[in-house]
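No value in this document is a laboratory result; all are computed from the given coordinates. Quick caveat, the model's predicted, so the values are computed rather than measured. Please note: Cβ atoms are built from the backbone with ideal geometry, for glycine as well, and neighbour counts cover all protein chains shown.
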Amino acid sequence: MEINGTDEYKRRCGEIAARNGIPVVNPELREIQSVPKFESPLVGARELALSRTNDKGMFITTSATEGKNYSGTLLGVFESGGRFYAVQRIDENRFILHGTKREDIPALEVLVGRDAEITSNYKGILNIIDSGSRYERFERITSRGR
């Protein structure tokens, strides 16, 4: 498949295609193979945040509060030790590391670079809302119900 459009659009489509096993013929997108992998979740979050910002004095924490809603720019997703994570910038120098699941990656990828409201807990992401349109993109039903 060949992807056409702006550089940013092609990059995003190339990442999504690679994660779903769809071959891309664009020479400029060949280096995109899969979700980046890191040995440590915090190292992965720091690398991803640094690649998207110039903030070297960042503070990264995990989202462990039951049902807490975090608002800010979704920077991207990565894998560490077989688990998947999303990194969100919530203010000038604070970033939240959300645990997630492989099947959630496509829903997250469409929001990379955009403001989103993410509700999560220690088990993972419960809900994602695109802050720009208020359109609910994704909802995970927990075993206790919501």
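At VAL43 and PHE59, where each label point lies 7 Å from the Cα along Cα→Cβ, what is the point-to-point distance in nanometres?
2.5
Ranked by Cβ crowding within 10 angstrom, fewest neighbours first, how are TYR9, TYR70 ordered?
Neighbour counts put them in this order, fewest first: TYR9, TYR70.
In straight Cα distance, which lysines are under 27 Å from LYS101, not counting same-chain residues fewer than 8 positions off?
Excluding near neighbours in sequence, the set is LYS10, LYS37, LYS68, LYS123.
Find which of PHE59, LEU111, LEU74 sits farthest along the positive direction of the dipole of region 37-139, computed with +1 on the beta-carbon of Lys and Arg, -1 on that of Asp and Glu, about the Cα centre.
PHE59
In whole Hz, with x marking every Gly and Pro, tabulate ³J(HN,Hα) for region 67-78 from phi via Karplus 6.51 cos²θ - 1.76 cosθ + 1.60, θ = phi - 60°.
Here the 3J(HN,Hα) series is x, 6, 9, 10, 10, x, 6, 7, 8, x, 10, 7 Hz.
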